[in-house]
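Report on one structure; see the data block that follows.
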Amino acid sequence: NEEQAVNSAYDNYAAQYNTLFVSGIGNGGPVNPPATCYNGIGVGAYLGGSSVGPTLDNGRAKPDITIGGVPANLTSFSTPFVSGAAAVLIQAGLRGDGGGDTNSAADIRMVKALLLNGAIKPEDWANNPPSPLDPRYGAGVLNVFNSYEELAGGKHGQVVSSTVST
């Protein structure tokens, strides 16, 4: 109940003020709030001694994303990389790098989606249904260039087809 209350407080604040919380998941032991909130990003250290999920509320995988090559493989060194990558994407979206209508990329949900989708999957990355994330690496290892390329690709309209390619 305490974790749920903390998560709700962070999620409500994030939604109301469009604030992305990027939190280290911990260096061993259970993953604790605010890294367990829905609208934030829980960061782990690739090949480090990071905590791993599942979360207590409903068994969600954590971390959301990992960072490689940081000193001592600790989450406190990993988290600023993700925060900086999020800032770069927000600036690029507001600048219109993906075209005239990509300022929606400054929305925290879009930034989180871009970061997680751009992550590189390590060779031993695997997810266990129903979770879309690996329990150790989350979406994978941060690659801000991939995330930026997705943003720069621009907004695409819906594709409608009456035929299906085989």
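Remarks
- In this rough spin-label picture, where each label sits 7 Å from Cα along the Cβ direction, the Asn1-Ala126 distance is 3.9 nm.
- Local electrostatic count at Leu56 - Lys and Arg +1, Asp and Glu -1, tallied over other residues with Cβ under 12 Å: -1
- Once the gyration tensor of the Cα atoms in the chain is diagonalised, the equivalent ellipsoid follows with semi-axes of 27, 19, 17 Å, ordered largest first.
- Packing-based ranking, highest mean first, of 20-33, 113-126 given that Cβ atoms within 10 Å are counted: 20-33, 113-126
- Relative contact order (%) - region 1-111, alpha-carbon pairs under 8 angstrom, separation at least six: 21 percent
- The C-alpha atoms of region 6-61 occupy a region whose extents along the principal axes are 35, 20, 13 Å, arranged from largest to smallest.
- Gap separating the Cα centres of region 114-157 and region 30-79, nearest whole Å: 15 Å
- Local net charge near Val22, Cβ-Cβ under 11 Å (Lys/Arg +1, Asp/Glu -1): 0
- Taking the protein heavy atoms of region 15-150 in the context of the full set of protein chains, the accessible area attributed to carbon and sulfur is 58 percent at 1.4 Å.
The values are calculated or read from the model by the stated rules, or taken from the named source; none is laboratory data. What you see is a predicted model; the values in this text were computed from it and never measured. Cβ: placed from backbone, ideal geometry, glycine included. Neighbour counts: every protein chain shown. Note: areas computed on protein heavy atoms with side chains; ligands, DNA, RNA excluded. Shrake-Rupley method; radii C 1.70, N 1.55, O 1.52, S 1.80 Å.
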